[in-house]
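The values are calculated or read from the model by the stated rules, or taken from the named source; none is laboratory data. It should be emphasised that the depicted structure is a prediction, and the values quoted were computed from it without experimental measurement. Neighbour counts run over all protein chains shown; Cβ positions are idealised from the backbone, glycine included.
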Amino acid sequence: AQRVTQPEKLLSVFKGAPVELKCNYSYSGSPELFWYVQYSRQRLQLLLRHISRESIKGFTADLNKGETSFHLKKPFAQEEDSAMYYCALLATNAGKSTFGDGTTLTVKP
Amino acid sequence: DTGVSQNPRHKITKRGQNVTFRCDPISEHNRLYWYRQTLGQGPEFLTYFQNEAQLEKSRLLSDRFSAERPKGSFSTLEIQRTEQGDSAMYLCASSPWVGGRTDTQYFGPGTRLTVL
């Protein structure tokens, strides 16, 4: 069975501070991991995926298979980063994605 | 193409009534997904199609739920004999299927269902 856990429902940081949103997963195979973001009154959209190994809006995420984690990091948070963030897992050769319950990030001025 | 669209955006119905939602994916995407999201939770997978074929259904999808994608383009999700527990946001997403693997999913705005 697949499971994605985001331990923090709410996370609040000040502008300019580093931020880390945690994501842990359980899956017996080799998954693909994603971070999706939902800004206020907007639809869910992809932020980044681990196979791309790119930085989007200053965010990065590294897949750690040993710790089964895919934490999202940004060294200097901005107010416009305030949003709901979801970690998701796509099983190998499957169409089904499993989402975590999300973390609401608030960046205070 | 303005992305994935869903209609209606909101639906209020009485318990026991049937409802149908529509999803129009991005035109060149051959995979289409339905998810359900309740307050405080992430999207839960319901079912997905590749072209017109329904490839997987979640155990969450009771017999009262049925989804179709008759021509491999738009899809409908019908809920029969609605119950208050069906109240949720129903999300549709589409993706290309390239080289035997699922690519990025693009989500619609969702249909919010309220069952009174």
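Things worth noting here:
- Among residues of the range A:58-74 that are free of Cβ contacts under 8 Å to residues at least 40 places away in the same chain, those with a beta-carbon under 6 Å from a residue that is assigned to a loop (DSSP other than H, G, I, E, B) at least six positions away or on a different chain give the pairs A:61/A:70; A:63/A:70.
- One residue stands out among those in the range B:15-37 that are closer than 18 Å to residue B:107 by Cβ and exposed (fewer than 13 other Cβ atoms within 10 Å of the Cβ): the one that is modelled with the highest pLDDT, which is B:27.
- Which numbered condition residue A:42 fails, given (1) within 11 Å of chain B (Cβ to nearest Cβ); (2) more than 22 Å from residue B:55 (Cβ to Cβ); (3) within 13 Å of the chain's Cα centre (by Cα): (3)
- The range A:45-87, subset at pLDDT 95 or above and within 9 Å of chain B (Cβ to nearest Cβ), residue farthest from residue A:3 (Cα to Cα): A:86
- Any chance residue A:88 is surrounded by 18 or more Cβ atoms within 10 Å (Cβ to Cβ), hydrophobic (A, V, I, L, M, F, W, C) and assigned to a loop (DSSP other than H, G, I, E, B): no
- Within the span defined as the range B:2-14, every residue fails to be of a type in the set (A, V, I, L, M, F, W, C), over 20 Å from residue A:44 (Cα atoms), away from chain A (no Cβ under 14 Å) and surrounded by 15 or more Cβ atoms within 10 Å (Cβ to Cβ).
- Residue within the range B:87-94 that is within 9 Å of another protein chain (Cβ to nearest Cβ), under 20 Å from residue B:42 (Cβ atoms) and in contact with a His (Cβ under 7 Å, 6 or more places away or on another chain) present: no
- From the options A:97, A:30, A:55, A:82, residue that is loosely packed, with under 12 Cβ neighbours inside 10 Å and under 28 Å from residue B:94 (Cβ atoms): A:30
- Only residues that are part of a loop (DSSP other than H, G, I, E, B), away from chain A (no Cβ under 14 Å) and free of Cβ contacts under 8 Å to residues at least 40 places away in the same chain were counted in the range B:48-80, giving 6.
- Answer residue from the range A:61-79, given it is in a strand (DSSP E or B) and of a type in the set (Gly, Ala, Ser) and is surrounded by the most Cβ atoms within 10 Å (Cβ to Cβ) among those: A:61
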